[in-house]
Amino acid sequence: MKTRHLLDTIYRFLNRRPVYHGLFWMALFGLLMWTDYDKGVNPWFALSNELIQLFFYAFLVYVNLIYLIPNYLARHAFVYFGLVLAACAVATPIEVLVFYLKFYGQPSFQANLVGSQLWVFLGNLFVVIIATILRVIMDWWRYQNEKQTLLTQTMQSELRFLKSQINPHFLFNTLNNLYALTLKKSDKAPEIVLKLSEIMRYMLYECNERRVLLSKEIQYIHNYLDLERLRQPKEADIRFITSGNISDQMVAPLLFVPFLENSFKHGLNHHVQGGGFVRLNLNVSGEDLEFSIENSKAERLPRQEHPRSGGIGLANVRQRLELLYPENHTLTTLDEPHRYAVILHLKMI
């Protein structure tokens, strides 16, 4: 954790414009001084020469960065390169003239300088091109970071929106069940209120993280099924079997709820004569999780007197899987004459 924090601090420091510009000029100045030292030039004489050289390099580089690149590189590449050549062509004789005056009284230096104007021009052009390449790389790097930040923010916003849909959807169904039982003055109503309070506690205080303990998610499913058993006929076969290590694994919260809702809403609830089944299996092996749920289908579905509401659950869970477990999940549905099944394979990373 400390190493990660240190690396983030170093990255933020180096990403500041004055810092990486300063490092560029110090590195270039050091390279120029080392070249003169290697030739045996007097250090003080070399220092004054390279400071003048650095001034012309800086002038060309910042004309390039501030004016030429923003206005011409992306839209008029050929014009941009022509202007870079022109800027170097104009700056080179001025630079040569400054050095010529500096070398007053040293005819050999002046003669060498006049004969090396082409190399001065190429040196200026090389530094400008290097600066352009570095600017393009930095812009690309900054764009990638901004793109990743925007993607992360978009994912978090979508997940918050999806979870905000899941919670009211489940509450709507459960409160409908509670309302029906209170109308009948059923003794099951207080037990439903107790189970519902446990579910609400989980949703309000423990489901705000990106991952929750799988054991808590399983307990949530047990509470959900207990609510359903209270209102379903005794003949209904409702089972939930778990296997493997479920104590310390982490999973996205409320991931399985839409499957449960669909199994009862479109399956078991339509068995007018009683019977029917909802069977769940959850197996964990290392980081691999397999969740399956199947429900019976009634031979005849009741006639819909009102337009069907809801239906957002399964669409939500598909979106959440794509956001949270991209390329680390498979979701299979089986629609057979007498049963409907969903099988989810998940790598919990």
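Since every read-out is calculated from the coordinates, none of them should be taken as a lab result. Bear in mind that the values here come from a model prediction, so they are computed numbers and not experimental data. Here Cβ is always computed from backbone atoms with ideal geometry, including for glycine, and neighbour counts include all displayed protein chains.
Of note:
- Cα-projected label distance for MET138 with GLU206, points at 7 Å along beta-carbon direction, nm: 5.0
- Amide H contacts of ILE238: VAL278, each under 5 Å away and 5 or more positions distant or on a separate chain (H built 1.01 Å from N in the peptide plane; Pro and chain starts excluded).
- When only the Cβ of Lys, Arg, Asp and Glu is charged (+1, +1, -1, -1), the dipole of the stretch 2-147 relative to its Cα centre reaches about 600 debye.
- For the stretch 2-147: rounded, prolate or oblate by the Cα gyration tensor [a/c cutoff 1.5]: oblate
- Listed pairs LYS216/LYS347; LYS147/LYS216; LYS188/LYS297; LYS184/LYS265; LYS188/LYS347 exceeding 29 Å between Cα atoms: LYS147/LYS216; LYS188/LYS347
- Estimated at 0.36 nm per residue, the fully extended path between LEU334 and PHE103 surpasses their Cα-Cα distance by 74.3 nm.
- Highest average packing first - 105-116, 215-226, Cβ atoms within 10 Å: 215-226, 105-116
- Inter-centroid distance (Cα atoms) of the stretch 227-292 relative to the stretch 99-148, Å: 70
- Near MET250, the amide H atoms lying under 5 Å from its own belong to LEU214; only residues 5 or more places off or on other chains count, and H is placed 1.01 Å from N.
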